[in-house]
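The values are calculated or read from the model by the stated rules, or taken from the named source; none is laboratory data. Model, not experiment: these values are computed from the prediction. Neighbour counts are summed over all protein chains in view; Cβ atoms, including those assigned to glycine, are modelled from backbone coordinates with ideal geometry. Note: accessible area is taken over every heavy atom of the protein model, side chains too, but ligands, DNA and RNA are not part of it. Shrake-Rupley method; radii C 1.70, N 1.55, O 1.52, S 1.80 Å.
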Amino acid sequence: MDGKVKEQKRHQQKHSGPKAERKKLKKQEGSTEEDGRKRNPKAFSVQSAVRMAKTFHRSQDIKTKKHHIPHVDRTPLEPPPIVIVVVGPPKVGKSTLIRCLIKNFTRQKLGDICGPVTIVSGKKRRLTFMECNNDINTMIDLAKVADLVLMLIDASFGFEMETFEFLNICQVHGFPRIMGVLTHLDSFKNNKTLRKTKKNLKHRFWTEVYQGAKLFYLSGMVYGEYQIQEVKNLGRFISVMKFRPLVWQTSHPYVLVDRMEDLTDPERVRTDPKCDRTVSLYGYLRGTHLKNKGQVHIPGVGDFQVADVNFLPDPCALPEAQKKRALNEKERLLYAPMAGVGGVVYDKDAVYIDLPASHVNQQQEEVRPTTELVQSLIDTHATLDAKMAASKVSLFSGSATLDSTDVGEQSGEEGPREECVWDPNAQRKRRKVVFTDKEEEDVSGSSDDDEEDDDKDGDIDSEDGDQEEQEEDEDEDNLSTFLKDARAESDETEKTVTDAPPAKKQKVEGGKKRGEESAEVPAFADSEDDLEMSEEESEEEGENVRAGDSGHCSEEDEEESGDDDEEEEDDKEESEDESMEEDDAAGATMKKQTASESEEEEEQGGLRWKEGLQQKASEAFLRQQKAAPNLRKLVYGSVVEADDSDDEEQELGGLFRVSRPQNSKKSQANGVDSSRFDPDASHNWDLEEMLNSIRDCFVTGKWEEDQDAATLLKEDEELYGDFEDLETGKVHKGQTGEQDQAEYCHTTTRQKCGQSVNLHAQNSENDEDDGDDNEESLVKVDDDEVQKKKRLEKKQRLKERFNAEYDDEDATYFDDLKEEMQKQAELNREEFADVDDETRVQYEGFRPGMYVRLEISSLPCEFVTNFDPHYPIILGGLGSSEGNVGYLQMRLKKHRWYHRILKTRDPLILSLGWRRFQTIPLYHIEDHNGRHRLLKYTPQHMHCGASIWGPVTPQGTGFLAVQSVAGTKANFRIAATGVILDLDKSVTIVKKLKLIGYPYKIFKNTSFIKGMFNTVLEVAKFEGASVRTVSGVRGQIKKALSTPPGAYRATFEDRLLMSDVVFLRSWYPVSVPQLYNPVTSLLLPAGQKDSWAGMRTLGQLKHDLGIRNKPNTDSLYKPVVRAPRHFNRLHIPKELQKALPFKSKPKQQQPKGKTPRDLQRPSVIREPHEKKVAALLLALSTVHNHKRKKAHTAQHAKHKEFLQQKEKLEEAKLKRQKEARKKLYRIQGQVDQKKSRSSLKGAPQDD
C-alpha cells in the first residue's frame, strides 16, 4: 500500500435506452403519486391510527407555534433607520465593531464614535448605530428605543454583570431583537478549551434570551480590525433581520437626536449666561405620528412643550432606483453630525458644509456625492452673473449677437443695480442692492424674488457636475437664462396692457404665472410640450390660487422645466423660434382686440351700463362667497398656505432647492375648500370638445348597457315573449326587432330634436329600405348573442365570487385575521397617499420616517453648556394625560439577584415610560378580606403592591427600580421590577395600631379600663369593638364612664387580674408621600453624568452624618424576673371527704413524722484491719463477677451457634419431607388417573 486512495469511477447517467426513456416519461408526467394511489391504495392507507394522530398533532403544534398575534402594519413606505445599540462592558470592542460595520456598509472609516451614526445599508434599509456606555442611565434610555441590540461579551473573561443588567432592562421595557457577539477569542491557545467556552456561553445566553438566539464569534483581529468575512456575515444578518413591533414604541412618537443647535440670541447669552436656552433638535421620527405643539420628555432633562416642528429633506436618503442588485458608491451614504461626518447639512436656519482638508487639493478615489457637490462650488472661479454678463447669443443663424445689456434695453424696465461695498467689520466685499425710485415705491418686492430664483437656478446648475462640465455648457445656460428673462419681460408687458393688478413675477424655472387668468398661454416656452401643458396646468393654477396660494410656481412645474432644460438641449433653437412666432401672433391679436373695443365704446356710448350684467352678477356672487368663513380654518385652526411652505422647502439655507415630485395635481386639488363655490373659468363651453365631454351625462347620451331604456325593453320582451289568453284563446305576439328599433328611433328622435310623431310614422311606413332592415336584423341577432354571452360571463363571475367567499375550506381564523390586518394596513397607506406632505402633516401629524426639526424653548442652560455627544438624547412623545402627575398603584417584586430587601419610605429611582425619576414607595399586601396592609419590607420571593406619587402612565406598562445610579456598584444594580395596575387613589393602605389600657376596678367578669382613650367621644367611636388581654382573655367595649375621661366599662370571658394589660387592635390609614424628582443626569458636567445623586435613605443619612440610633428602652430585651408564687392549701369539704375512697382521703396524704432517735440505727465505724478485709472481698467478688459474665457470654455464643445449626438441620429435614410428600402425591395421582381411565372405558359386556 503506497497510501494513495484510488478514486472510484463516477456514475454516468444514461441518456438513451429503455431506462432513460422511462425516466423521461416520468419527468414529463410529473408526480406519479396519484397513479400509485390508484394502482395500490393499500400501500397509501393509514397503517396506524395512533401514529397518524401523533404526526398530525405534532405538525399542528409546529404550525401554531409560528403564529403571532397579527398587528396592523403601520410602517411607512420610507421607514426610519433601524436603531442598533451596541452594548457591553468597557474594553470589550464596541467602538471597533461599529467602525468595522460602517466600513463594511459604506467603505468609509470613522474615527471617534460620537452620537448616532446613520448609514444606508441597502436598497430599502438604513441603520443607525449607537454605542452604549457603561452607565445605567444610558443603558435604560437606549433599551427603550433599540430595535436591535448587539451584545458584546468578552469570551476570555465570561459574562459580566452589565450584560445581565441590560437584559433585565430590556425584559421590562419591551424585548428588542438581541444578538450576542463573542470577542477576544484569540486569547484561547487550546482549541478544546475554546470549544467548551463557546458552548457554555452559548447555552447561558440562550437561557437569558431564548433557545436558539444567534451568537456570533469574532475570532480575532487583523491590523486593529475584526476579520472582514466575519463582519460581512454579521452585516448580512443585520440587513435581512425582521422586527416585531413593541407596544410602547408603536404607541408613542420618539426621536433619537443626531444634531443639536443652540438658537438663543447671543446677546442674551452674553448678558445672562444662566438664561434658559432655545434649542433645535434634529433626528428621524420613529414610533407613531407626532403632533405639533405637543409635549415631549427628554430623559435626563425633563418635560417640555414643543414650540415648533418642521420636516427637512432626508440627509441620508434611500436610493431611488430599486431594480439594481447592489448600491453604488454614491449611494453608500454616511450621516453622523455629532461625529463630524455628513457633508452638507440642510437646516431651516443655516447650511453647514463639512469638507476635510485632504479633499480640497487632492482628489481621492472614494469621493462622496456631497463632497463632490461642494468641490464643484469651491472650484468655481467666476460668479454666475459675471458669466451671464460676458455671454452672447444669436437667436437666428446669421443674425447679430445679443448680450445682457441689449436685453435690458429691449425690456424697457430698469432692474436693481449692484454696488460693491467694503465691510470693515466682516473684512470682505459686500454686494449692496441699489433700487430705482419705482421699485422703492413698489411694496411687493417682486424683483427680489426674481433675483433669489436666479441665484437658486445657478446653484442647482452648479450641482450637476464638475467645473469642466460647467465650462462646456456655459453658452447653453446663458441662452436659456436669456430666453427666460425675455419671457418674464413679455409677461410684464402683457400685464401693463391689460391693466392687471401688480403681482409677483413668475419664477425662472416655472415658465408660467399662477396669478394670471387660467386661459392665458405663456408667450414663451422651452418646447412645444410646455405650450400644450400650460393649458392643462391652468386649471390646477386656478385651484391653487383659490386655496390660498401666493402665485409662485409649484415644485412639480420647476422639475418639469428643469428636465426640459437638461434633456432637450439639442432641440432648443427650433422650439425658441416657434415660441417667438407664437408670441408675435398673440401680440397682434391683443392689439386687434383693444382697437375693436375702443370703436364699440364710441358707438354705443349711453348703453354701456347694460353691458356685462351677467358678469357683474357673477362677480358680486364671488365677492359674497369670498367673504364667507373658511370651514377648514374653523375646524383645523389653520389653512395650508402652499406658497410659504414651498418657499421654505425650496430655499433651504438660501443655497439649494429641493424638488418634490409628489406634490401632484391631485394633492393640490385636495387643498381646495369644498364649502365655497368657485366657478372654474377655464372651461370654454362654446367648444365642441367641451360639449362632447359631458354629452353622456344627459338622457340623450350614450348610457351603459344595463341602464339603457331600449336594452331594458328588449330584455323584457325576451323574458315574457308571446303568451296566449286562456279565456278568449287569443294569442298575443311580442314586438319584432324592426318595431323595437323603429320605436327606439321614435323615442330618441322626440327627445333629441323635439319633433312630432309624424316623423316616426313616415319611417315605419317606408317600404324602400327593406334590404337595409334585413341587414339591421342580422346585426341585431349578433348583438343578442353577444349580450347573452356577457350575461353568462357575469353569472359565472358572481358564482366564483360566491364560492370564494363561502367555500373557503383551507382558510383558518388566523389567516382571516391576517388578511383583515393586511387590508387595514393598505387602507392606512392609501388614505393620504396622494396628498402632499404639507397638507398631510396638518391632518395626521408628522409621520414616522420623516427627518424632523423640533424647536424647544426654555431648556436649562446646562443642557447646552454640558452637552456630551456620547450620551444619547431622546425626545419621547407623551400622550394626552401622560404629562400629569398622580397616584399610581403597582405590582412589584424585588429582584432575586439584588442583595438587600427594600424598605418602605426609602427613596427609589424608577424607570417608567420615557422617564427616570426618584419617588418614595409604600409597599403593601392584600389580605384575604381585601384590606391593603402596609409592609415594612418587601417579601423575599413574592410580589407585593406598591403605591407611589409619579407621572400618569398607561396600565400594563413595565418599570424597573434601582436604588442608585451613581457610579458602578460591585453587585447587581436592578433592585426591583413590576408593572402598573391602577392610576388612582382607590387603594387605602392601612397599618396596625395597638391601643393599650389597664384595669383599675374588677367586678367578677366586668372591669373598668383606663389609659386607652382620652375623651368620651373616642370611646363612643369604638363601642362594641373587641379587646384582648395579653394572657388571652377576650372582651368587648360596652360603655364610656364619666370619670376619669377616656375610661370605659368592658366585659370579658373571665375575671381579670390587676396585673393584666388590655389592648385594642385597630387599623390606621397611611398617606403616600408626594415626591417626584426627575433624574437630570444630562445637565451634569461632562465626566460627571454618571454621578447623579438624589434623595438619600435614612440609613445613608445617619451613616454620612455619623448619627447613632438611640434605642427605645421599651424595645430592649430585659431579663425576666418572676417572684415565686405561693398557692393556698387545697381545701376539701367534709362531705366530699366522706364520699372519697379510703386511699384518696386527706388523712392518708398527711406526711409521716420524723423517726425517733431511739429507733435510728447507729453508724458502724470499721477498724483498719476490717477495712483491708472488706477491700479484699470486694476485689475478689469483682473478679468472680467478671469471670462469670465472661463465661455467660461464651455460653450464649455457643448456644446461638447450636441454634443456628439446629435450624439448618430442621430446614433440611423439612425439605426431605416435602420431597417425599411430592413423590407420594405423584404416585397417588398416577394411580387415580389409571382408575379414572378404566372407569371411563367401562366393563366388558358378554355376548
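Structure summary
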read-out: Matching residues in segment 25-79 - criterion: being at pLDDT 75 or above, over 30 Å from residue 290 (Cα atoms) and of a type in the set (Asp, Glu); value: 61
read-out: Qualifying residue in segment 867-884 (condition: out of contact with any Gly (no Cβ under 8 Å at 6 or more places or on another chain), within 30 Å of residue 966 (Cα to Cα) and part of a strand (DSSP E or B)); value: yes
read-out: Segment 142-173, subset in a loop (DSSP other than H, G, I, E, B) and among the aromatic types (Phe, Trp, Tyr), residue farthest from residue 299 (Cα to Cα); value: 157
read-out: Residues of segment 221-255 that turn out to be aliphatic (A, V, I, L, M) and farther than 27 Å from residue 282 by Cα, as a count; value: 6
read-out: Counted residues, segment 285-300 - those being in a loop (DSSP other than H, G, I, E, B) and either on the phi < 0 side of the Ramachandran plot or open to solvent by less than 40 Å² (accessible area, probe 1.4 Å) (or both); value: 8
read-out: Which numbered condition residue 946 misses (of (1) among the hydrophobic types (A, V, I, L, M, F, W, C); (2) in a strand (DSSP E or B); (3) open to solvent by 20 Å² or more (accessible area, probe 1.4 Å)); value: (3)
read-out: Top-ranked residue of segment 301-311 - restricted to ones that are out of contact with any helix residue (DSSP H, G or I) (no Cβ under 9 Å at 6 or more places or on another chain) and closer than 21 Å to residue 848 by Cα, ranked as most open to solvent (accessible area, probe 1.4 Å); value: 305
read-out: Residue within segment 247-256 that is in a loop (DSSP other than H, G, I, E, B) and either of a type outside the set (S, T, N, Q) or more than 25 Å from the chain's Cα centre (by Cα) (or both) present; value: yes
read-out: Positions within segment 205-231 being open to solvent by 50 Å² or more (accessible area, probe 1.4 Å) and part of a strand (DSSP E or B), in sequence order; value: 217, 221, 222, 225
read-out: Meets criteria (of a type outside the set (Ser, Thr, Tyr) and without any contact (Cβ under 8 Å) to a residue 60 or more places away in the chain) for residue 906; value: no
read-out: Extreme residue, farthest from residue 964 (Cα to Cα), among residues of segment 1055-1100 that are β-branched (Val, Ile, Thr) and assigned to a strand (DSSP E or B); value: 1062
read-out: Flag if residue 1146 is in contact (Cβ under 8 Å) with a residue 12 or more places away in the chain and more than 60 Å from the chain's Cα centre (by Cα); value: yes
read-out: Scope segment 88-115; condition open to solvent by 50 Å² or more (accessible area, probe 1.4 Å) and assigned to a helix (DSSP H, G or I); matching residues; value: 99, 103
read-out: Any pair with Cβ under 8 angstrom, 6 or more apart, that starts in segment 248-274 at a residue that is without any contact (Cβ under 8 Å) to a residue 24 or more places away in the chain and acidic (Asp, Glu) and ends at one that is assigned to a loop (DSSP other than H, G, I, E, B) and surrounded by 13 or more Cβ atoms within 10 Å (Cβ to Cβ); value: none
read-out: Index of the failed condition, residue 1019 passing every other in (1) open to solvent by less than 20 Å² (accessible area, probe 1.4 Å); (2) closer than 30 Å to residue 903 by Cβ; (3) touching a strand residue (DSSP E or B) at 6+ places or on another chain (Cβ under 7 Å); value: (2)
read-out: Selection within segment 162-185 - open to solvent by 80 Å² or more (accessible area, probe 1.4 Å) and not polar (S, T, N, Q); value: 177
read-out: Verdict on residue 202 being free of Cβ contacts under 8 Å to residues at least 60 places away in the same chain and farther than 20 Å from residue 97 by Cβ; value: no
read-out: Residue in segment 951-959 that is over 59 Å from the mean Cα position of the chain (by Cα), of a type in the set (Phe, Trp, Tyr) and open to solvent by less than 70 Å² (accessible area, probe 1.4 Å) present; value: no
read-out: Identity of the residue in segment 870-894, over 22 Å from the mean Cα position of the chain (by Cα) and open to solvent by less than 30 Å² (accessible area, probe 1.4 Å), that ends up nearest to residue 309 (Cα to Cα); value: 886
read-out: Residues of segment 144-161 classified as open to solvent by less than 20 Å² (accessible area, probe 1.4 Å) and either of a type in the set (Lys, Arg) or in contact with a strand residue (DSSP E or B) (Cβ under 9 Å, 6 or more places away or on another chain) (or both), total; value: 10
read-out: Any hit, segment 117-131, residues being within 25 Å of residue 206 (Cβ to Cβ), touching a residue at least 12 places away in the same chain (Cβ under 8 Å) and hydrophobic (A, V, I, L, M, F, W, C); value: no
